[in-house]
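These notes are about the structure you will find just below.
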Amino acid sequence: MKAIVQDEYGPPHTLSLGEVPIPAPGAGDVLIRVHAAGVDYGVWHVMTGLPLVGRLGFGLRRPRNRVPGMDVAGVVESVGADVTAFRPGDEVYGQATGAYAQFALARPGKLARKPANLSFTEAAAVPVSGVTALRAVGQVTAGEKVLVIGAGGGVGSFATQLAVAGGAHVTAVCSTAKAGLVRSLGAQAVIDYTREPLTGTYDLIIDIAGIRPLPLLRGLLTERGRLAIVGGEGGGRWFGGISRLLAARLITPFTRQRLDAQIALTRTADLDALRDLIEAGTVRPAVGRTYSLAEASAAVGDLAAGNAPGKLVITVG
């Protein structure tokens, strides 16, 4: 089968189109014929092997999994002997191993039935970003003030919609080029970080892939406000944004503010919840740009450069 392969850590050009065997499902696996796969920062971290501490999981000298990609949407090709939740022909979406290929393996607990009103391309934009946003927003109440930093990306576009759906007043932080998108998603106010500083006081701040120091963010929170940190850049080659996540966890017991680092794991229950919201018309994926499988390296490069609004998707089928 055709697949994107990587045999060394490095920039996007280390990703190339090649031929690899179709993976054989084990007893507890689902083999998916991939139609589309999403692009997220997890792929970038595995591609570069950064921060270096991440190589304890990615692989010390080279990527443990030659084929990258997690977000997936496609059709079940076959299932292992122990799988009862899915059968061949089911249209599914979720998280897989090696999604940048014509076929990929997934565990049943990380898959769900694809939303009926989405194409495969749209569905591939949902899993990792949608689940992460769902956990970051949590339960908001009508009238709460929410600040979404990085609102124009994959996670941010979902977080904005989920907070608006909960009745919150949402202020979106993004670049000039993405302001139109976040307004279309329901944000009542927009801060263009290239032109103006962060101001105001908020009940919830969702900081996505940010580098802003904790004291600055805490100063924008109410006395009992909540900060949800999603990913993060900076911090050096060894630990990257992990140091800021750890600092938030250490500070939380000593303040009335709740500082939380979001590490969302894709699960069927969350995918089901997102499907219900999508089929009801409450939430929709914001697909910013699509790429062919052969253009995967360009897709990851554009993600890292912040060149495209919304979620980037690789079409395979």
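The values are calculated or read from the model by the stated rules, or taken from the named source; none is laboratory data. This structure is a prediction, so every number in the text was calculated from the model and none was measured. All Cβ positions, glycine included, derive from the backbone under ideal geometry; neighbour counts span all protein chains shown. Only protein heavy atoms, including side chains, enter the accessible area calculation; ligands, DNA and RNA are left aside. Shrake-Rupley method; radii C 1.70, N 1.55, O 1.52, S 1.80 Å.
Annotation for ARG258 and ARG64: the two label points, set 7 Å from Cα along the Cα-Cβ direction, are 3.2 nm apart.
When peptides 268-274, 23-29 are ranked by their average number of other Cβ atoms within 10 Å per residue, the highest-first order is 268-274, 23-29. Against the chain, whose longest principal axis is taken from its Cα atoms, helix 154-165 shows a tilt of about 60°.
Across region 223-317 the C-alpha pair distances fall into 10 Å bins from zero in the proportions 13, 25, 37, 22, 4, 0 percent.
Packing, as the average of other Cβ atoms within 10 Å across residues, places the peptides 189-198, 34-43 in the order 34-43, 189-198, highest first. Based on C-alpha pairs under 8 angstrom that are at least 6 apart in sequence, region 171-311 has a relative contact order of 16 percent. What a 1.4 Å probe finds exposed on the chain is 54% carbon and sulfur by accessible area, rounded to a whole percent. Measuring nothing but how far apart in sequence close Cα pairs (under 8 Å, 6+ apart) lie, relative to its length, region 126-253 scores a relative contact order of 21 percent.
Quick check: net charge around LEU303, other residues with Cβ under 11 Å of its Cβ, Lys/Arg +1 and Asp/Glu -1? For residues surrounding LEU303, the net value is 0. For region 237-278, the residues whose backbone nitrogen is under 18 Å from a point 7 Å from the Cα of ASN117, taken along Cα to Cβ, are 271-278.
Charged side chains reduced to their Cβ positions (Lys and Arg at +1, Asp and Glu at -1) give region 27-118 a dipole of some 360 debye around its Cα centre. Against the empirical 2.2 N^0.38 Å (N residues), region 127-250 has a Cα radius of gyration ratio of 0.98. Just name one of ALA159, GLN262, THR84: the one whose Cα is farthest towards the positive end of the charge dipole of the chain (beta-carbon charges, Lys/Arg +1, Asp/Glu -1). Going by the charge dipole, the pick is GLN262.
Charge tally for PHE103 (other residues, Cβ to Cβ under 9 Å; Lys, Arg +1; Asp, Glu -1): 0. On the principal axes of its alpha carbon atoms, region 135-191 extends 30, 20, 15 Å, with the longest extent given first.
Think of the chain as having a plus end and a minus end, set by charges on the Cβ of Lys, Arg, Asp and Glu; of LEU221, VAL131, VAL316, LEU221 sits farthest toward the positive end of this dipole.
To the nearest 10 degrees, how steeply does helix 296-305 sit against the main Cα axis of the chain, on a 0 to 90 scale? Helix 296-305 and the main axis of the chain meet at about 10 degrees. Each Lys or Arg adds one and each Asp or Glu takes one away; over the other residues whose Cβ falls under 13 Å from the Cβ of ALA269, this sums to +2.
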